[in-house]
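Every read-out reported here was derived from the displayed coordinates using simple, explicitly stated rules and does not represent laboratory data. None of these values were measured; they are calculated from a predicted model. Neighbour counts are summed over all protein chains in view; Cβ atoms, including those assigned to glycine, are modelled from backbone coordinates with ideal geometry.
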Amino acid sequence: MGKSQNNIKYITYSKAIAAILVILYHTWGSMEIDTNVRNDCILFFFTTHVPTFMMISGYLYSNHTIKHELTYRIRKLLNLLICSAVYIFILVLFRVIVHSYLGIERTLLEEIDLSAHNMWYFPVLCFAIILYELSSKVTKKEGIIPTRSILFLLLIIVIAFLMYKNPSIGKILAYVIIFMIGTTWTINVWKAIFNALAYVGVWILVVIITGKVNAQSESSIGTELLLLMVLTVLGAGLILSLVYLILQIKDNGSIIKYKNSDDCGNDSNKSGIIDSILCFICQNSQIFYFAQFIVIIVIEALRSIGVYGYSVLCSLLYTAMCIFCTLIFSVITSTSAMANRLLCKPFN
């Protein structure tokens, strides 16, 4: 399948599934089930949820956004930056209110740090966009850098070094690489099968054989972190590949396309309620990412004072509340021009 400006159905579905996986990653991390099973689930969520978002962002940016004039692209970038600042402000204010009410002592700096950590995706995405824009300008100058391959190689070398010296920067660069890979993303049946098998193969190698990778360990360094990031880069294409293959089977080899993102969910494109839900989630994925933390702040605060448990039932209810909250926020931003301007498109 060649590159196209069309919003392809498997992209829409993959983006929606990734949004749901983000919620599962945040709500199932402490579930009281077998430790090995829980860790394997979390590792799958960690290496596929945000990586899928970053891969799709790269694909859409290089196939759609980059073809608009520079002022449009700058406005899109400013929207992301301002929205992330608004999200952080709202989360800090909400954290202060909840923690003060429950008697949990936190400094303002701690609240800001936690909220900024929650919204890390948006600044990293902005950095990746800026780097892609700069690399596009450079690669157009014949004789300086013939392809982006050199840039990819340099980033891989840098990330391998920083995994040992500065893991936080190393993780950021891993997601930048995923965005860059997304800008060159193409797929067909054989590529999709290879992507899926490659992920499974590395999973077996680093999880079952070595047993060294733990996605819940924030202090991972060295070989463990490097293996985790390798699996993350491979995982970025896993959901896309699986959804593509499923749609190929379902639609007898055809790839259904929407003329633009607004067509997604229209009567002419509907194949059922699942299609409508996934399209709605895709269209509001930015709000999905932000709004879940409203519930997460409350539940984690209640857990810290022993009011809310970690059982399977509690975790499932936790997930349901996050999804419900994100849907409410999505409906509000979809129907209210003021909310949409504040939370999604301040410059539009």
Computed ³J(HN,Hα) along region 29-41: with the Karplus parameters 6.51/-1.76/1.60, θ = phi - 60°, integer Hz and x for glycine or proline, the list is x, 10, 4, 7, 10, 3, 4, 5, 5, 4, 4, 5, 5
Please compute the modelled spin-label separation between L108 and R75, points set 7 Å along Cα→Cβ, answer in nm with one decimal. 3.5 nm
Roughly what would the spin-label model give for T186 and S334, points 7 Å off Cα along C-beta, in nm? 3.5 nm
Length released on extending from S136 to A320, taking residue separation times 0.36 nm less the Cα-Cα span: 62.0 nm
Mind checking the full-extension length gain between I193 and R303? Use 0.36 nm per residue of separation minus the Cα-Cα distance, one decimal, nm. 35.4 nm
Cα centroid separation - region 50-85 against region 276-324, whole Å: 26 Å
Segment I97-S30, extension gain: residue separation times 0.36 nm, minus the distance between their alpha carbons: 21.7 nm
Show me 67-74, 235-242, 92-99, 278-285 ranked by packing, highest mean number of other Cβ atoms within 10 Å first. 235-242, 278-285, 92-99, 67-74
Plugging the Cβ-Cβ distance of Q248 and L205 into 1/(1 + (r/R0)^6) at R0 = 35 Å yields, to the nearest 0.05, a FRET efficiency of 0.80
